[in-house]
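Structure first, then comments.
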Amino acid sequence: MKIILVGAGRTGSSIVASLVEEGHDITVIDRSQQAIDEITDSYDIICLVGNGADLDTLTEAGAGNCQLFAAFTDNDDTNMLACLLAKRLGAEHTIARIRNPDYNDDGLGYLCSQLDLSEAINPESLAATDIFNILKIPSADNIETFSGRFELIELSLREDSSLNGEKLADLRKKTSANFLVCAVRQGEKTFIPTGNSVLEAGDRIALTAVPKELQKLLRRTGVHKKSARNVMILGAGRTTLYLVKKLLEAGIGVKVIDPDRGHCERLAGEIGDPAAVVICGDGTSQSVLLEEGIGYADAFAALTDSDEQNILTAIFASSLGVGKTIAKVERKELFQMAEKLGVDCLVSPNVSASGQLTRYARALKNSEGSDVEALYKVFDGRAEAIEFLVKPDFPYLGVQLKHLALEENTLIAGIVREGVALIPSGSDFILPGDRVVVFSAGQILNNLADTIRSASFDRKETGR
């Protein structure tokens, strides 16, 4: 698919990495020669130095015949204008990064309609939603929701975890909870487990369940943590703004610390709620954090613009026994180090944005019998969970799953049928209109049929 991307900054670079992995034909436009040089040094793609909102530049890049045009510069107005021009030239789909918090849902929807935007992406808002979801289930390192029915969570197994040494088949026998462990990361290895797989300290696991069953599982296995009721946040940027609003709506106490008085005053004014405590102080100072009560917080989120500062303060919070520590980290090379140093959870607005764009691009590809409805990267992109909407021409309709031989390192992890979520067994089958969640480690799936290597069945044993 031909994709044009305007903006080669941090978010743009993250998007390029994801799209190159997907095998798309990519052209990148940026005003900065240095930014373009960094992209061309890493990837064999077409790059242009120029203004992405300039008609001549867009024409030279071929915007008139691209399937997807995305503008991710630091300027919302430039992004919207670039998308409008590209659409007028003939681009089939356009996506703009729009970060201005003044645009509420209604205003943003009106903008998209008037500009004929396919989608607007706000990286900071996406990251804030990720953090909020984690704070609702602090046992998890990451949490996503499919079709409003399934929850996908990632868990890290600590040295004292009750799951260490458990064989998955035995774990299912010990609890009545209906769940499925979909993927395991052991060191550098990521794989789809079997019933004979044994969990070890240091593993990260991804599992699916409906919310009620998930809570039951976490309680029965002793890894359940209470939802955070008071949260301390370091940094008064955009991600913090979106997060604080969500926390206040949920009745969760919030304290924000930032050394810049102007940032503090702006944040307090934008929040407009005295329930949020905003402190002007040096959040890198241990004495300031202690004085403001970090040791009594249920959770701590470091959301400054410095990856290193976020990691170090999150480690300090963890050393004081804070139940959940979260750090915003943009440089992917720091992820593994931060995990080893004891940071519970890492978030990245850039990774959230690139994941959203990758999902959209995957959904545009021609598919056989199914459409991509949602796509989430797990284990820092080493595996993915994809939700497909099944079409009437899917070639294996009604065939019991036990008769389908799946491709290596893939797993059908869930089925949503008429609003009811099912953890599938061998006797279940797929019907038109179903939403099917598939896990994959090590390969890219563009449609549901890609999951299935072969089928062997008697029509009497199908669900049709």
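The values are calculated or read from the model by the stated rules, or taken from the named source; none is laboratory data. Being a predicted model, the structure only gives us computed values, none of them experimental. For neighbour counting, all protein chains shown are included, and Cβ atoms are generated from backbone atoms with ideal geometry for every residue, glycine included. Protein only, heavy atoms only, side chains kept; ligands, DNA and RNA dropped before computing areas. Shrake-Rupley method; radii C 1.70, N 1.55, O 1.52, S 1.80 Å.
Helical runs assigned H by DSSP (4 residues or longer) give the chain a calculated mean residue ellipticity at 222 nm of -9500 deg cm²/dmol, each run adding -39500 (n - 2.57) before division by the residue total. Probing with 1.4 Å while keeping every protein chain in the model, the per residue accessible area of the chain equals 43 Å². Put a plus charge on the Cβ of each Lys and Arg, a minus charge on the Cβ of each Asp and Glu, and nothing anywhere else: the dipole of the range 306-389 about its Cα centre is then about 100 debye. When you filter the trypsin sites (Lys or Arg not before Pro) in the range 150-224 for DSSP loop state and at most 15 other Cβ atoms inside 10 Å of their Cβ, you are left with Arg158. Antiparallel beta bridges, as assigned by DSSP with both residues in the range 42-158, represent about 40 percent of the total such bridges. Would you mind checking the pairs Lys174/Lys324; Lys216/Lys332; Lys173/Lys332 and listing those with alpha carbons more than 32 angstrom apart? Long pairs (Cα-Cα over 32 Å): Lys216/Lys332; Lys173/Lys332. Between the listed residues Val231, Gly148, Pro211, the Cα displaced farthest toward the positive end of the dipole of the range 118-259, a dipole computed from Cβ unit charges relative to the Cα centre, is found at Pro211. Charge dipole (Cα centre; +1 on Lys/Arg Cβ, -1 on Asp/Glu Cβ; no other charges) of the chain amounts to roughly 1940 debye. Within the range 320-464, the proportion of Cα pairs with more than 24 Å between them is 41 percent. Counting only protein heavy atoms and a probe of 1.4 Å, the accessible surface of the range 111-195 is 45% carbon and sulfur. Each peptide in 321-329, 26-34, 448-456 receives the mean, over its residues, of other Cβ atoms within 10 Å, and ordering these scores from highest gives 321-329, 26-34, 448-456.
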